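Working notes for the structure below.
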Amino acid sequence: MLKIPGYEHGPLVEGGVYLDDPLFWPVHLGSCLRGEDAQRAAFGADWDAAIELNRKLTAVREWPVFGLPLRSGHTIHVVYRNFEGDRGVDYLIHHPTWPAAEILAVDDGHFMGPGTAWPELLSAARQPATEGVDDSDARLLLLFPTLGDAQLPDDAPTVLTAALAALTVIEEPAEVARTLLEKQGQWARAHWRLEDGIRINDGGHSYRNPHNAFAIPEPHLLEISNALNEEKPGLYRPSD
């Protein structure tokens, strides 16, 4: 059985079997597809099949996990947390030198985030991996619900459209991409900045806002910032 240090919950299982199902992606992005029009565009006639797939993903007996290794040695774990009555998706990051994983974002009714800015989302998606999830489009869509960025570049819709077109059977991927970028996560769009070399934000529900009482400790904030922003090899220094 899979183990994530410090995450002492549930029967964790590899979720890779779901990645080849085109319907998995709109299901995974469901919290960002608010409104009937958005869901109709994403699911089309596959609504019943999507409900059945969601039942499998959220079954109490198995908690699917998707691992996204980063070049720094950190790994982002996307975990379907399937407690009865408390289901959601937890986004964790861990380094082998840490005693426990840190939470980047939580996608559920008591959401916490954002966990990434747009440049970080792209960086994490495009970093090569020899294990875990290695496809850049899959990595982008898996991490998309952690996004909360008030300053998106002009090419963001094109990038997201390409990923949706590659992995899904959505008829109008550009329309769905625009909707996703407009809504983003469940939180308000955050403004990101560099402070003492650390990328932080002003989100009231974000673990990466050091002004929040529940924020990730500063040494790990620095590591996470470096890892997500693809720091050059040889410059990375794990914290104690």
For this session: Rounding to the nearest 20 debye, state how big the charge dipole of segment 96-150 is about its Cα centre with +1 on each Lys and Arg Cβ and -1 on each Asp and Glu Cβ.
Result: 100
Exercise. What would the Debye formula give as log10 I(q)/I(0) at q = 0.08, 0.14, 0.18 Å⁻¹ for the alpha-carbon point model of the chain, no solvent?
Worked result: -0.27, -0.89, -1.54
Exercise. Which net charge results when you count Lys and Arg as +1 and Asp and Glu as -1 among the other residues whose beta-carbon is under 11 Å from that of LEU92?
Worked result: -1
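Calculate what fraction, in whole %, of the accessible area of segment 58-203 sits on carbon and sulfur atoms when a 1.4 Å probe is rolled over the protein chains.
Looking at segment 58-203 in its full context, I get 49 percent from C and S.
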Seminar exercise, completed: The FRET efficiency for THR158 and LEU2, from their Cβ-Cβ distance with R0 = 41 Å and rounded to 0.05, is 0.70
For this session: Could you pull out which residues in segment 98-127 have an amide N less than 12 Å from a spot 7 Å beyond the Cα of ASN229, following the Cα-Cβ vector?
Result: 117, 119-120
Exercise. Counting pairs of Cα atoms in segment 7-114, how many percent are more than 23 Å apart?
Worked result: 31
Problem set entry | Options VAL65, ILE4, HIS28, ranked by Cα towards positive dipole end of segment 1-108, top entry (Cβ charges) | ILE4
Exercise. Dipole size in debye (nearest 20) for segment 117-240 around its Cα centre, Lys and Arg Cβ +1, Asp and Glu Cβ -1?
Worked result: 220
For this session: Specify the residue with the greatest mean-square fluctuation among GLY88, GLY185, GLY109, computed from a Gaussian network of the chain linking alpha-carbon atoms under 10 Å apart.
Result: GLY109
Seminar exercise, completed: Helix 218-228: inclination vs the chain longest Cα principal axis, degrees, rounded to 10, gives 50
Exercise. Can you give the relative contact order of segment 99-157 as a percent, counting alpha carbon pairs under 8 Å and 6+ residues apart?
Worked result: 37
Seminar exercise, completed: 1/(1 + (r/R0)^6) with r = Cβ-Cβ of ALA188 and GLU84, R0 = 41 Å, i.e. FRET efficiency to nearest 0.05, evaluates to 0.85
Seminar exercise, completed: Exposed trypsin sites (Lys or Arg not before Pro) being those in a DSSP loop with at most 15 other Cβ atoms within 10 Å, the longest stretch of the chain free of them is 62-240
For this session: Enter the angle in degrees (range 0 to 90, nearest 10) between the Cα long axis of helix 173-183 and the first principal axis of the Cα atoms of the chain, meaning the one along which they spread out most.
Result: 50
Seminar exercise, completed: Mean separation of Cα contacts under 8 Å (at least 6 apart) over the residue count of segment 31-170, i.e. the relative contact order in percent, is 18
Exercise. For the modelled label position 7 Å from the Cα of ARG40 along Cα-to-Cβ, which residues of segment 162-185 have backbone nitrogen atoms closer than 18 Å?
Worked result: 170-180
Exercise. When the chain is treated as a GNM, springs tying every alpha-carbon pair under 10 Å, which of THR97, THR161, THR116 comes out with the largest mean-square fluctuation?
Worked result: THR97
Problem set entry | Where only alpha carbons of segment 71-144 are counted, the Rg and the Dmax (Å) | 12.8, 37
Problem set entry | Gaussian network model of the chain, springs between alpha carbon atoms under 10 Å - residue of PRO22, PRO114, PRO64 with greatest fluctuation | PRO22
Exercise. Along the charge dipole of segment 60-214, Cβ charges K/R +1 and D/E -1, which of ASN82, ALA156, LEU104 sits furthest on the positive end?
Worked result: LEU104
For this session: Keeping all protein chains in position, work out how much accessible area ASP86 exposes to a 1.4 Å probe, and write it in Å² to the nearest 10.
Result: 60
Exercise. Taking only DSSP H segments of four or more residues, each worth -39500 (n - 2.57), what value at 222 nm results for the chain once the sum is divided by all its residues, to the nearest 500 deg cm²/dmol?
Worked result: -9000 deg cm²/dmol
Exercise. Counting Lys and Arg as +1 and Asp and Glu as -1, what is the net charge of the other residues whose Cβ lies under 14 Å from the Cβ of VAL106?
Worked result: -2
Exercise. So, in Å, what gap is there between the alpha-carbon centers of segment 37-59 and segment 178-193?
Worked result: 23
Problem set entry | Given charges at beta-carbon only (K, R positive; D, E negative), |dipole| of the chain in Debye | 360
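The values are calculated or read from the model by the stated rules, or taken from the named source; none is laboratory data. Please read all numbers here as calculations on a predicted model, not as lab measurements. We place every Cβ from the backbone using ideal geometry, glycine too, and count neighbours over all the protein chains shown. Accessible surface areas use protein heavy atoms only, side chains included; no ligands, DNA or RNA. Shrake-Rupley method; radii C 1.70, N 1.55, O 1.52, S 1.80 Å.
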